[in-house]
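Student: Before I ask anything, let me first share the structure, which is written out below as structure tokens.
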Protein chains: 2
Amino acid sequence: MSAEALLKELRSQLPADCLLTEREQIAPFECDALPVYCSRPVAVVLARAEAHVVAVATACHRHRVPLVTRGAGTGLSAGAKPIESGVLLVTAAMNRILELDRDAMTARVEPGAVNLQVSRAAAPLGLYYAPDPSSQIACSIGGNVAENAGGVHCLKYGVTVQNVSALRVVTSEGEVLTIGGQCLAQPGYDLLALMHGSEGCLGIITEVTVKLTPLPATTRTLMADFACVRAASDAVSAIVRAGVIPAALEMMDALAISATEAFCHAGYALDAAAILIIDLDGDPREVDVELKLVEEVLGSSGATRVQLAADETQRALWWKGRKSAFPAIGRLSPDYYCIDGTVPRHRIGDVLEAIQSFAVNYDLQVANVFHAGDGNLHPIIMFDGSEPDALDRVEQLAADILEYCIAVGGSITGEHGVGLEKINQMAVQFTDAEIAQFMAIKEALDSLGLLNPDKQIPELARCQEYRALRRSHE
Amino acid sequence: MSAEALLKELRSQLPADCLLTEREQIAPFECDALPVYCSRPVAVVLARAEAHVVAVATACHRHRVPLVTRGAGTGLSAGAKPIESGVLLVTAAMNRILELDRDAMTARVEPGAVNLQVSRAAAPLGLYYAPDPSSQIACSIGGNVAENAGGVHCLKYGVTVQNVSALRVVTSEGEVLTIGGQCLAQPGYDLLALMHGSEGCLGIITEVTVKLTPLPATTRTLMADFACVRAASDAVSAIVRAGVIPAALEMMDALAISATEAFCHAGYALDAAAILIIDLDGDPREVDVELKLVEEVLGSSGATRVQLAADETQRALWWKGRKSAFPAIGRLSPDYYCIDGTVPRHRIGDVLEAIQSFAVNYDLQVANVFHAGDGNLHPIIMFDGSEPDALDRVEQLAADILEYCIAVGGSITGEHGVGLEKINQMAVQFTDAEIAQFMAIKEALDSLGLLNPDKQIPELARCQEYRALRRSHE
């Protein structure tokens with residue numbers, strides 16, 4: 001590759017203000033929301049149209065230059081960290097809502113459209129976009145697809161892949177593909193699912209058609225207190241087994257409760273070992289029935305107290321607490337690190353116990369606030385980064401937790417992706433034969449390996465090295 | 001390849017009664033449920049264990065022999081038609097239910113396990129397997145995965161891919177992979193989705209872990225009559241927009257009604273232009289609320305009569321009619337041919353009108369009985385195969401209907417797959433660049449092209465030829 005030849009081609013193809021090459025212009029783009037990983041690319045392109053994306057992909061392919069794409073940069077696994085020898089393509093400015101279709105209940109949007117902006121635009125039609133990652137006021141739909149993002153609503157309404165019907169994608173060679181359609185079933189191989197969670201490694205998303213969901217006529221909220229974490233965990237399974245799918249089913253443990261309560265006085269029980277916050281939505285008469293059903297299950301699951309939010313104000317306060325939990329925990333500790341793993345719902349109790357026993361080994365504390373209905377854990381490791389070995393201990397504890405998730409049949413990511421952060425754990429979750437299949441797919445769709453290289457799928461040699469290292473620690 | 005060398009290796013690896021090479025032994029396996037396509041393979045292997053599958057894949061790979069896999073052979077698109085120069089691997093005898101897990105709400109089964117058998121085995125745990133293709137008393141779970149099968153329950157509970165959490169798969173080279181896990185989200189590329197609907201072209205399924213759904217406490221059934229097809233079609237969209245997801249939402253047109261009523265006296269209105277049959281399931285109190293909601297929507301959508309099944313006997317009779325519609329229509333016509341396409345739900349009215357106008361062009365009649373909630377149509381073309389040009393006219397009408405489905409944003413298959421039957425229509429639904437992506441995936445996972453060759457993905461030359469042919473007819 002020659003950086004100069006590439007830049008010359010990009011200058012001839014793009015509006016001048018789309019192409020950033022000066023150090024101070026590039027600085028804001030050197031990392032995503034996991035800033036421990038950062039680097040400075042050769043150039044940043046702020047695309048405003050699909051034609052710009054095609055021009056960048058074509059030029060990078062011709063000059064054999066790596067290409068990393070990012071949306072809003074809210075990712076937590078360094079999936080959008082630039083490559084020093086490469087171009088960083090930013091799609092955040094491609095943020096138009098192109099079409100809202102009331103009859104088809106879909107929205108066609110550019111990849112930079114912000115998650116919450118889509119729901120706001122659809123609200124006058126009585127519709128919204130259901131998946132709601134906690135970054136929803138900032139994160140973009142293109143990034144949501146790349147990470148297959150989840151959120152509070154995903155137990156009932158599915159993660160991103162269940163809420164997208166079509167994509168336009170630019171290939172590594174600069175060709176434009178239409179993938180998916182307006183119907184659930186499509187012939188041929190499921191390229192639509194394949195693009196979800198592919199972290200920018202298989203193609204560049206330039207348009208997303210999302211499915212919209214009817215705004216529920218009402219939402220009611222229950223809060224249940226438990227004297228032990230395992231009883232709360234078992235109640236989560238019991239609710240789903242009773243045939244009710246809540247719109248949200250969240251759990252907080254004692255440390256998360258006390259941090260949050262001190263911060264925003266949500267009205268949580270300070271003597272509870274765990275609380276569940278449960279949203280039920282739909283027609284008011286239907287929600288009334290579901291409330292009774294869930295109250296019955298909670299009663300027989302050992303809840304020490306079950307409260308129904310009296311009004312919208314109390315509901316909002318309970319949720320404000322849940323949503324403030326991360327900054328609240330941040331106040332108790334100089335630093336914190338949030339992990340993301342999933343486990344089968346009925347193993348939540350085992351995993352929470354294991355997390356506490358691992359934490360003791362490293363002299364660290366862990367708070368838990370998470371999407372219990374999905375089994376999607378977010379252990380928050382509290383630490384003091386000024387202690388010289390703190391980051392090492394945190395990293396080892398995180399690895400222990402993620403690898404325990406794998407051991408009980410779970411996985412190393414619920415919604416944050418692999419990126420660079422979890423690339424070692426891929427070697428634990430998958431065999432070499434399985435990693436080789438991922439590589440074959442990558443090579444099929446990006447034969448020169450230019451799209452977001454070195455992310456998500458580890459080299460086989462690295463896998464073997466990491467497995468040997470972990471064995472030596474056992 | 002040398003057939004003799006291959007057979008020698010297979011004889012050394014397999015129990016003698018697994019390997020069929022005599023003409024009369026092979027005859028029953030020459031076609032699937034679309035017998036217009038048939039051929040005799042070199043050998044049929046009746047596998048009883050994964051080790052047999054590995055042996056066959058390894059031998060075929062070594063000797064460069066094509067390998068077609070089939071389950072129960074109930075497929076309707078010739079996806080399991082053998083290759084004359086190849087081996088046919090039958091997994092129907094691998095039909096054990098290996099594990100039922102009440103807590104995880106899953107069943108681990110061999111690929112030959114029959115769909116309904118899984119639900120029967122799970123019933124004592126209060127669970128069942130939701131996807132229910134109309135062949136469910138005979139079709140196998142492995143085939144359901146290969147075709148990404150649907151069914152009456154799929155509007156509410158999803159198609160096969162939403163109801164499978166893990167697979168064991170033998171690759172073209174004979175390696176065993178584990179794909180997926182117990183959690184919704186998995187890191188890496190979505191190989192689990194990729195295997196669904198891949199029609200045996202990417203790997204051989206040797207074990208399936210299906211998700212189980214709680215058996216509903218009650219199911220109630222509504223039947224609504226309409227004086228015009230479009231009003232019935234619009235009511236389908238209105239119900240979903242109202243936020244209710246029925247367990248089943250089926251539609252029959254006048255021809256289907258009269259054929260069925262004559263055959264089994266289900267109590268359908270002979271003067272209706274269309275009827276909807278709607279199941280609502282769940283907790284009895286919740287179902288009561290949903291019944292009221294749906295009745296309101298039906299009332300304001302122009303239903304001329306809405307009935308609630310008085311008891312289980314009446315419910316069963318209405319469903320018996322729906323399920324007998326195909327043989328009932330068969331009695332009115334010497335032959336019939338069932339098509340499978342999907343359209344966006346709000347375009348059902350347009351498509352049903354178009355079908356009738358196309359049918360006139362070819363002097364044929366079409367009855368419609370279908371999964372309206374999913375927009376999954378099953379037009380049934382009635383014809384007399386003894387007329388010399390009948391099959392040609394049927395084939396052209398089917399092509400017109402499928403290509404109209406594409407034109408309104410739909411697709412050429414809901415649940416029957418592409419196989420050989422619809423390979424031409426792939427050229428209409430996809431561009432060359434999109435077909436090339438499918439081919440790249442195929443080559444990545446089956447580099448020698450041995451698994452079910454010539455099915456599902458057409459050669460580019462064939463695509464161009466078919467498109468030119470269709471243009472010349474316009």
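The values are calculated or read from the model by the stated rules, or taken from the named source; none is laboratory data. Here the structure is a predicted model, which means the values were calculated and not measured. Backbone-built Cβ (ideal geometry, glycine too); neighbour counts: all protein chains shown.
Student: Output the residues belonging to the stretch B:57-72 that are surrounded by 20 or more Cβ atoms within 10 Å (Cβ to Cβ) and assigned to a loop (DSSP other than H, G, I, E, B).
Tutor: B:Val65, B:Pro66, B:Gly71, B:Ala72
Student: Please go through the stretch B:71-98 and pick out each residue that is more than 20 Å from B:Ala47 (Cβ to Cβ) and of a type outside the set (Ser, Thr, Tyr).
Tutor: Selection gives B:Leu76, B:Ala78, B:Glu84.
Student: Within the stretch A:339-357, track down each residue that is surrounded by fewer than 17 Cβ atoms within 10 Å (Cβ to Cβ) and away from chain B (no Cβ under 14 Å).
Tutor: Those that are surrounded by fewer than 17 Cβ atoms within 10 Å (Cβ to Cβ) and away from chain B (no Cβ under 14 Å): A:Glu353, A:Gln356, A:Ser357.
Student: Which of the numbered conditions does A:Lys320 fail, given that it passes all the others? Conditions: (1) on the phi > 0 side of the Ramachandran plot; (2) within 25 Å of the chain's Cα centre (by Cα); (3) surrounded by fewer than 23 Cβ atoms within 10 Å (Cβ to Cβ); (4) not hydrophobic (A, V, I, L, M, F, W, C).
Tutor: Result: A:Lys320 passes all but (1).
Student: Continuing with this model, one more query. With the stretch A:387-472 as the region, which helices (runs of 4 or more DSSP H) entirely inside it contain at least 2 residues that are under 27 Å from B:Ser447 (Cα atoms)?
Tutor: Helices (runs of 4 or more DSSP H) meeting the threshold: A:423-429, A:432-445.
Student: Also, quick follow-up: Against the definition (out of contact with any Leu (no Cβ under 8 Å at 6 or more places or on another chain) and more than 19 Å from B:Met251 (Cα to Cα)), how does B:Ala390 come out, yes or no?
Tutor: yes
Student: Here's a follow-up. When you go through B:Ser447, B:Ser411 one by one, which is the residue that is surrounded by fewer than 22 Cβ atoms within 10 Å (Cβ to Cβ) and within 10 Å of chain A (Cβ to nearest Cβ)?
Tutor: Selected residue: B:Ser447, the only one of B:Ser447, B:Ser411 that is surrounded by fewer than 22 Cβ atoms within 10 Å (Cβ to Cβ) and within 10 Å of chain A (Cβ to nearest Cβ).
Student: For the stretch A:236-246, does any single residue satisfy the condition of being away from every other protein chain (no Cβ under 14 Å), of a type outside the set (Phe, Trp, Tyr) and farther than 23 Å from A:Arg285 by Cα?
Tutor: The answer is no; no qualifying residue exists.
Student: Could you tell me how many of the residues in the stretch A:451-473 are at negative phi and crowded, with 22+ Cβ neighbours inside 10 Å?
Tutor: Going through the stretch A:451-473 one residue at a time, the tally reaches 4.
Student: A follow-up question, please. Give the residues of the stretch A:1-22 that are buried (at least 17 other Cβ atoms within 10 Å of the Cβ) and free of Cβ contacts under 8 Å to residues at least 40 places away in the same chain, sorted by residue number.
Tutor: Listed by number, the residues that qualify are A:Leu7, A:Cys18, A:Leu19, A:Leu20.
Student: Somewhere in the stretch A:173-184, is a residue assigned to a loop (DSSP other than H, G, I, E, B), more than 9 Å from chain B (Cβ to nearest Cβ), at negative phi and surrounded by 22 or more Cβ atoms within 10 Å (Cβ to Cβ)?
Tutor: No, the conditions are met nowhere in the stretch A:173-184.
Student: Right, another one. Do you know which residues across the stretch A:93-107 are under 23 Å from B:Ile239 (Cα atoms) and touching an Asp or Glu at 6+ places or on another chain (Cβ under 9 Å)?
Tutor: A:Thr106, A:Ala107
Student: Can you find a residue that is farther than 22 Å from A:Ile277 by Cα, assigned to a helix (DSSP H, G or I), out of contact with any Asp or Glu (no Cβ under 9 Å at 6 or more places or on another chain) and modelled with pLDDT of 95 or more anywhere in the stretch A:360-383?
Tutor: Yes; the residues of the stretch A:360-383 include at least one that is farther than 22 Å from A:Ile277 by Cα, assigned to a helix (DSSP H, G or I), out of contact with any Asp or Glu (no Cβ under 9 Å at 6 or more places or on another chain) and modelled with pLDDT of 95 or more.
Student: Further question on the same structure: Only one residue in A:Ala59, A:Ala55, A:Ala27, A:Ala3 is in contact with an Asp or Glu (Cβ under 6 Å, 6 or more places away or on another chain), over 18 Å from A:Gly79 (Cβ atoms) and of a type in the set (A, V, I, L, M). Which one?
Tutor: Criteria check complete, one pass: A:Ala59.
Student: Quick one: count up the residues across the stretch B:204-224 that are out of contact with any Asp or Glu (no Cβ under 8 Å at 6 or more places or on another chain) and closer than 24 Å to B:Gly375 by Cβ.
Tutor: Going through the stretch B:204-224 one residue at a time, the tally reaches 4.
Student: Taking the stretch A:185-208 as the search range and keeping residues that are farther than 19 Å from B:Gly410 by Cα and not in a loop (DSSP other than H, G, I, E, B), which one is nearest to the other protein chains (Cβ to nearest Cβ)?
Tutor: A:Leu194
Student: Another question about this same structure. Within the set of pairs 6 or more residues apart or between chains, which connect a residue that is basic (Lys, Arg) inside the stretch A:409-429 to a residue that is outside any loop (DSSP other than H, G, I, E, B) with Cβ atoms less than 8 Å apart?
Tutor: A:Lys422/A:Leu402
Student: Hey, could you check the stretch A:23-58 for residues that are free of Cβ contacts under 8 Å to residues at least 40 places away in the same chain and within 24 Å of the chain's Cα centre (by Cα) and say which is nearest to A:Lys8 (Cα to Cα)?
Tutor: Looking at residues that are free of Cβ contacts under 8 Å to residues at least 40 places away in the same chain and within 24 Å of the chain's Cα centre (by Cα), I get A:Pro28.
Student: Name every residue in the stretch A:254-294 that is more than 14 Å from chain B (Cβ to nearest Cβ), surrounded by fewer than 23 Cβ atoms within 10 Å (Cβ to Cβ) and of a type in the set (Asp, Glu), in order of residue number.
Tutor: A:Glu261, A:Asp271
Student: Within the bounds of the stretch B:373-386, is there any residue that is surrounded by 21 or more Cβ atoms within 10 Å (Cβ to Cβ), of a type in the set (D, E, K, R) and within 14 Å of chain A (Cβ to nearest Cβ)?
Tutor: Yes: the stretch B:373-386 contains one or more residues that are surrounded by 21 or more Cβ atoms within 10 Å (Cβ to Cβ), of a type in the set (D, E, K, R) and within 14 Å of chain A (Cβ to nearest Cβ).
Student: Being under 16 Å from A:Val152 (Cα atoms) and in a loop (DSSP other than H, G, I, E, B) is the filter here, so list the residues in the stretch A:245-271 that pass it.
Tutor: A:Ile245, A:Pro246, A:Ala247
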